[in-house]
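This report concerns only the one structure given below.
The values are calculated or read from the model by the stated rules, or taken from the named source; none is laboratory data. Treat the numbers as computed from the prediction; the structure is a model and nothing was measured. Backbone-built Cβ (ideal geometry, glycine too); neighbour counts: all protein chains shown.
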Amino acid sequence: MDFELPSYASLAPVPSYSCELATGERSLQQTPRSRASRSPPTSLFIKKAGKTTITLDDQVEDASTPTYGRRGVISGNILLERSETVLDVVLKIEGKLDATISNGGSESVKLFADTYTLWSHTTSQGLPCPSQLPFNILIPSTFQHNGQNIPLPPSYNASYYNLPSLFVRAGYQLHFIVSRLRHQKVGAVWPKTKHILLPFSYIPRTRPHRPIIYSDCFFSSIKSTPEEWHQAVSYLKRYSSNATTELTPPLSANLFVPAGRIYGLGEKIPFHVQISGAVHSLRELFSGTMLDRVMSADSHNTVETLPKKRSAPAEPLLRVTLLRQISVSLKNGHSWKNVSLAEGSVSPVPPDLMSWYAPPGEFCPESHIDWEGELSVDDEKLVSGFMAAHVQVKDFICLTITPPNTFKPTSLIPLKITIPIRLVTDSFAETAGLERTIEP
């Protein structure tokens with residue numbers, strides 16, 4: 001049975017869209033855009049090499065190197081002087097990951113190598129080469145390694161000369177090859193070839209899957225929204241024990257960070273540290289820092305400052321750092337380097353009255369001491385962590401507790417707690433004028 005479809009009236013084309021409200025319009029909903037994406041680059045990147053000029057579209061003004069993101073499109077033009085002498089114009093786009101370690105040799109992985117013929121005299125049907133050749137190339141988002149598709153690493157360069165030395169470089173470049181007639185009498189038999197190398201930065205953008213919820217008070221936040229915090233717990237142990245210390249439970253160290261554990265570069269990362277346990281063990285831990293009011297609930301600063309006159313600066317009792325680990329695994333060896341990206345500002349938190357409460361006539365056997373602070377990295381050259389082939393770049397938030405050295409067999413052992421995180425290019429809502437969300 002045949003059905004006759006109704007005819008449709010011709011509709012006017014869709015009007016051009018503008019984010020600016022016109023007269024009589026109002027905004028119903030808006031998704032904030034990050035500062036980085038608010039104004040897409042529109043300038044030209046220009047490189048001149050002899051009789052050849054290369055222009056690349058959509059670049060930041062006065063940039064020293066062109067930059068592209070995930071699945072970016074390399075568009076531009078190659079301008080040729082005396083184009084009638086040109087025989088062939090070829091464009092190669094290349095990516096390579098190199099790694100070298102002193103105890104395992106070196107290895108190079110070709111991420112991709114694509115070749116595009118922009119013009120050739122063999123297919124021109126006798127026509128001369130134009131003076132301007134456009135190109136439009138899509139950057140691949142993955143590469144093949146051991147039969148697996150792996151995301152391309154960002155442009156990266158790390159060099160550590162101290163033994164064991166380690167060098168890693170993920171680099172990308174455009175390779176233009178222009179062949180010209182050397183002499184009219186010789187023709188295409190003996191051409192003159194010019195190679196132009198143009199490195200570019202590959203920075204794939206990523207943002208966290210959830211925002212950081214900032215709070216004025218950690219204790220109220222952990223009670224009302226515990227799912228917004230990730231907790232890591234460990235214990236301060238002793239080199240050896242005796243009859244007294246065996247009966248005392250070890251001190252507990254807790255590090256709290258925002259639960260997402262994926263943070264934008266430049267974003268402030270709040271953290272909270274709590275050490276809890278027997279009061280006399282807390283006194284021992286803080287003996288080198290003059291904790292003379294550990295039982296006082298009205299103390300403004302739980303830990304007093306060190307004396308002004310000191311022979312040498314001591315190791316801080318407590319440090320929270322942002323740590324990056326670069327590791328290389330080759331057939332003949334494995335090596336890694338740990339680099340501190342930032343150190344957090346740590347401030348003591350006044351004790352909770354209830355945590356110090358004991359009935360009249362009874363001793364308060366256990367309590368806790370707290371600190372809070374923020375971590376941030378504001379380095380424009382820093383890239384996100386990645387895993388590609390034999391190279392891994394991973395990030396951690398690290399809590400280091402260094403007890404005072406009392407030179408006793410029962411002294412507390414230094415403790416380190418690490419939480420794996422991931423640093424990405426953008427924040428969840430990195431918007432100009434967007435204020436932090438503060439819990440009531």
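What the table shows:
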{"quantity": "Filter result for the condition that a residue is at pLDDT 85 or above, under 30 Å from residue 220 (Cβ atoms) and assigned to a strand (DSSP E or B), over 324, 319", "calculated": "319"}
{"quantity": "Breaking point among (1) assigned by TED's automatic domain parsing to the domain that holds residue 403; (2) more than 19 Å from residue 347 (Cβ to Cβ), for residue 209", "calculated": "(1)"}
{"quantity": "Leading residue by the ranking (farthest from residue 207 (Cα to Cα)) among those in the range 69-96 that are in a strand (DSSP E or B) and not aliphatic (A, V, I, L, M)", "calculated": "88"}
{"quantity": "Residue within the range 36-57 that is at pLDDT 50 or above, charged (D, E, K, R), assigned to a strand (DSSP E or B) and more than 30 Å from residue 429 (Cβ to Cβ) present", "calculated": "yes"}
{"quantity": "Tally, over the range 78-95, of residues that are surrounded by fewer than 16 Cβ atoms within 10 Å (Cβ to Cβ) and in contact with a strand residue (DSSP E or B) (Cβ under 6 Å, 6 or more places away or on another chain)", "calculated": "1"}
{"quantity": "Filter result for the condition that a residue is touching a helix residue (DSSP H, G or I) at 6+ places or on another chain (Cβ under 9 Å) and modelled with pLDDT of 90 or more, over 250, 270, 204, 226", "calculated": "270"}
{"quantity": "Subset of the range 160-178 (residues that are modelled with pLDDT under 95 and either in contact with a Leu (Cβ under 8 Å, 6 or more places away or on another chain) or farther than 30 Å from residue 330 by Cα (or both))", "calculated": "160"}
